[in-house]
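Asks: A single structure is presented below for examination.
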Amino acid sequence: MTVTETPTSAPPRLTPMEWIGRYGTFIAFLALLLFNVVVTPNFLSWQTLNVNLTQVATIVIVATGMTLVIATGGIDLSVGSLMAISGAIAPMIFMGKLFPIDNMALAVALSFIVPIIIVMGFGWFNGFLVTHFSIQPIVATLVLFIAGRGIAQVATNGNLQVFKNDAFQFIGMGRILGIPAQVIIMIVVALAAYCLIRYSVVGRQIIAVGGNEKAARLTGIPVKRVKTFVYVISGALAALAGLIVVARNSSSDANLVGLGMELDAIAAVAVGGTLLTGGRANILGTLLGAFVIQLVRYTLLANGVPDAAALLVKAGLIVVAVFIQQRADKV
């Protein structure tokens with residue numbers, strides 16, 4: 001007796017638009033690498049690698065929080081201003097401007113802890129406006145986008161804070177086994193967020209809320225709590241990025257810290273494949289998207305193009321990414 005094998009159906013072939021949506025970010029990354037290897041002098045040097053890694057670290061950290069917010073169908077325009085608040089408060093603590101602390105180790109520890117807690121409070125405020133007053137996220141977070149930088153400027157009287165504190169500045173200038181500390185922090189943050197989305201109940205709730213909020217509420221998911229949670233996490237990561245920036249610069253300028261970071265973060269999320277309408281969170285894509293954003297900036301500057309042009313390019317990348325997402329979803 002012969003056994004007839006049942007033919008297995010071949011996996012469905014991707015349409016060109018679906019293929020671009022899945023692999024486009026990686027292709028763009030490789031294209032930028034190849035272009036710089038051929039055109040940009042000294043691109044393969046350790047110095048260039050160090051510059052790009054340290055610059056992209058804060059983008060990845062902030063964009064990771066932004067990914068979680070966008071996955072719920074929201075957006076956070078306040079991240080740059082929250083970075084400024086965090087960066088303004090930290091030096092004031094270890095320099096004794098807020099209250100005298102004789103123990104420098106304690107002062108440095110509080111310089112990390114206090115700003116993050118305060119900015120998490122501002123993140124909670126964003127979530128509160130969204131969940132309890134049904135304010136559109138873009139409007140709710142616009143409040144702190146405007147007022148947050150003003151808070152940082154008032155706290156410092158608009159003055160530049162210059163400092164030197166090796167213990168505090170380790171996160172921005174230190175190295176562990178030759179790797180910049182901020183790069184290690186970036187990797188830890190991205191991995192933690194990936195595990196959160198991939199393996200935790202909260203991660204599944206985040207995706208469910210963004211996919212269909214009404215259905216998520218009917219199945220018993222605490223929608224308000226989940227939404228508030230992602231804004232708090234976004235605030236915490238923005239605060240962490242702010243600390244890294246001022247530590248790296250050895251100074252804190254409330255006018256400049258985090259300026260334009262919201263655009264970088266949103267661009268990284270969009271280019272990385274996370275739907276801006278919610279229901280999906282591609283953390284690894286965001287990581288790759290952040291590298292694309294950084295390489296675009298570096299490529300333009302290294303080849304004599306003004307930094308203002310990078311803003312246009314990043315805006316264009318967002319438009320193209322959203323267009324590809326929409327076309328791929330319709331297929």
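The values are calculated or read from the model by the stated rules, or taken from the named source; none is laboratory data. What you see is a predicted model; the values in this text were computed from it and never measured. Cβ sites come from the backbone with ideal geometry, for glycine too, and all protein chains shown count toward neighbours.
Asks: Take the stretch 177-227 and flag every residue that is farther than 28 Å from G242 by Cα and of a type in the set (S, T, Y).
Replies: From the stretch 177-227, those farther than 28 Å from G242 by Cα are 199, 201, 204-205, 208-209, 211-223; that's our starting set.
Once the filter is applied, which keeps residues that are farther than 28 Å from G242 by Cα and of a type in the set (S, T, Y), the stretch 177-227 yields Y199, T219.
Asks: Please work out if A270 is under 22 Å from L49 (Cβ atoms) and at pLDDT 85 or above.
Replies: Taking the combined requirement at face value, the residue does not satisfy it.
Asks: For the stretch 103-134, name all the residues that are among the polar types (S, T, N, Q) and crowded, with 17+ Cβ neighbours inside 10 Å. Give the derivation first.
Replies: Restricting attention to the stretch 103-134, the residues satisfying the condition of being among the polar types (S, T, N, Q) are 103, 111, 126, 131, 134.
Of everything in the stretch 103-134, those that are among the polar types (S, T, N, Q) and crowded, with 17+ Cβ neighbours inside 10 Å turn out to be S111, N126, T131.
Asks: Any idea how many residues of the stretch 65-84 are in contact with a Phe, Trp or Tyr (Cβ under 9 Å, 6 or more places away or on another chain), hydroxyl-bearing (S, T, Y) and in a helix (DSSP H, G or I)?
Replies: Count: 1.
Asks: Right, something else. When you go through G96, G65, G127 one by one, which is the residue that is over 20 Å from G172 (Cα atoms), at pLDDT 95 or above and of a type in the set (G, A, S)?
Replies: After ruling out the rest, the residue left standing is G127.
Asks: Can L256 be described as of a type in the set (A, V, I, L, M, F, W, C) and closer than 24 Å to I207 by Cα?
Replies: Taking the combined requirement at face value, the residue does not satisfy it.
Asks: Which residues, counting only those in the stretch 52-74, are farther than 18 Å from L287 by Cβ and surrounded by fewer than 24 Cβ atoms within 10 Å (Cβ to Cβ)?
Replies: Result: G73, single match.
To keep it simple, each residue is scored yes or no on (1) modelled with pLDDT of 95 or more; (2) in a helix (DSSP H, G or I); (3) surrounded by 11 or more Cβ atoms within 10 Å (Cβ to Cβ).
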site: M1; (1), (2), (3): no, no, no
site: S9; (1), (2), (3): no, no, no
site: R13; (1), (2), (3): no, no, no
site: F26; (1), (2), (3): no, yes, yes
site: F35; (1), (2), (3): no, yes, yes
site: L44; (1), (2), (3): no, no, yes
site: N50; (1), (2), (3): no, yes, yes
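Asks: Continuing with the same structure: Considering each residue of the stretch 149-177, count those that are surrounded by 13 or more Cβ atoms within 10 Å (Cβ to Cβ), in contact with a strand residue (DSSP E or B) (Cβ under 9 Å, 6 or more places away or on another chain) and not in a helix (DSSP H, G or I), and give that number.
Replies: So the count comes out to 4.
Asks: Please give the number of the condition P137 fails out of (1) more than 29 Å from V51 (Cα to Cα); (2) touching a residue at least 12 places away in the same chain (Cβ under 8 Å); (3) exposed (fewer than 13 other Cβ atoms within 10 Å of the Cβ).
Replies: The one condition P137 does not meet is (3).
Asks: For the stretch 297-304, does any single residue satisfy the condition of being part of a loop (DSSP other than H, G, I, E, B) and either basic (K, R) or at pLDDT 80 or above (or both)?
Replies: Yes.
Asks: Given the criterion over 17 Å from M120 (Cα atoms) and either basic (K, R) or touching a residue at least 24 places away in the same chain (Cβ under 8 Å) (or both), identify the matching residue among A236, A268, A241.
Replies: Working: A236 fails: over 17 Å from M120 (Cα atoms); A241 fails: over 17 Å from M120 (Cα atoms).
Being over 17 Å from M120 (Cα atoms) and either basic (K, R) or touching a residue at least 24 places away in the same chain (Cβ under 8 Å) (or both) holds for just one of A236, A268, A241, which is A268.
Asks: Pairs under 6 Å by beta carbon, first residue over 18 Å from L160 (Cβ atoms) in the stretch 95-115, partner at pLDDT 90 or above and surrounded by fewer than 17 Cβ atoms within 10 Å (Cβ to Cβ), six or more apart or different chains?
Replies: Cβ pairs passing all conditions: V108/A167.
Asks: Which residue is farthest from V188 (Cα to Cα), if the candidates are limited to the stretch 214-245 and must be polar (S, T, N, Q) and surrounded by fewer than 24 Cβ atoms within 10 Å (Cβ to Cβ)? Please lay out each step first, then the result.
Replies: Step one: filter the stretch 214-245 for residues polar (S, T, N, Q), giving 219, 228, 234.
Then drop every residue that is not surrounded by fewer than 24 Cβ atoms within 10 Å (Cβ to Cβ), which leaves 219, 228.
Working: T219: 32, T228: 23 Å.
By that ranking, first place goes to T219.
Asks: Further question: Could you list, in sequence order, the residues of the stretch 177-187 that are in contact with a helix residue (DSSP H, G or I) (Cβ under 6 Å, 6 or more places away or on another chain) and either closer than 21 Å to A105 by Cβ or of a type in the set (S, T, N, Q) (or both)?
Replies: Selection gives A181, Q182.
Asks: Ok, one more. For the stretch 275-287, what are the residues that are crowded, with 20+ Cβ neighbours inside 10 Å and either under 19 Å from M186 (Cα atoms) or in contact with a Phe, Trp or Tyr (Cβ under 9 Å, 6 or more places away or on another chain) (or both)?
Replies: A281, I283, G285, T286, L287
Asks: Now for a separate question. Is it true that G87 is in contact with a helix residue (DSSP H, G or I) (Cβ under 6 Å, 6 or more places away or on another chain), of a type outside the set (S, T, N, Q), farther than 18 Å from L142 by Cβ and in a helix (DSSP H, G or I)?
Replies: So G87 passes the test.
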